């Protein structure tokens, strides 16, 4: 191989190494599983007392049978995130042939929690 081919191959490999990965079909938002059971998170008293509002974003790993395997909080105040995690672990999705990652956002609003 000459230098030009070697350089072109090196560039192509570098591009492929840093290119965004394709989203697997089971992880796409288009194929999101339906939720069959939800538990509302308990608004933490400390958060309520200081007037804390906001939302918590999480990635939920759902087993084939629809139960929650794990919850990975992606954003939100730690006080609210703890309450969201506790509730999300009780949720149930419809069964599927594979596990999936489901994106969830829970909103905490003082006016809606009374």
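Data table
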read-out: Three-way shape label, region 23-108, alpha-carbon gyration tensor, a/c 1.5; value: prolate
read-out: Label-to-label distance, nm, for residues given as residue 48 and residue 89 (7 Å Cα→Cβ offset); value: 2.2 nm
read-out: Residues 67, 46, sorted so that the one with the fewest Cβ neighbours within 10 Å comes first; value: 46, 67
read-out: Inter-label distance for residue 98 and residue 111, nm, one decimal - labels placed 7 Å from Cα along Cα-to-Cβ; value: 4.3 nm
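The numbers here are math on the coordinates, done by the rules we state, and not lab data. These figures come from a predicted structure and were not determined experimentally. All Cβ positions, even for glycine, are placed from backbone atoms using ideal geometry, and neighbour counts span all protein chains on display.
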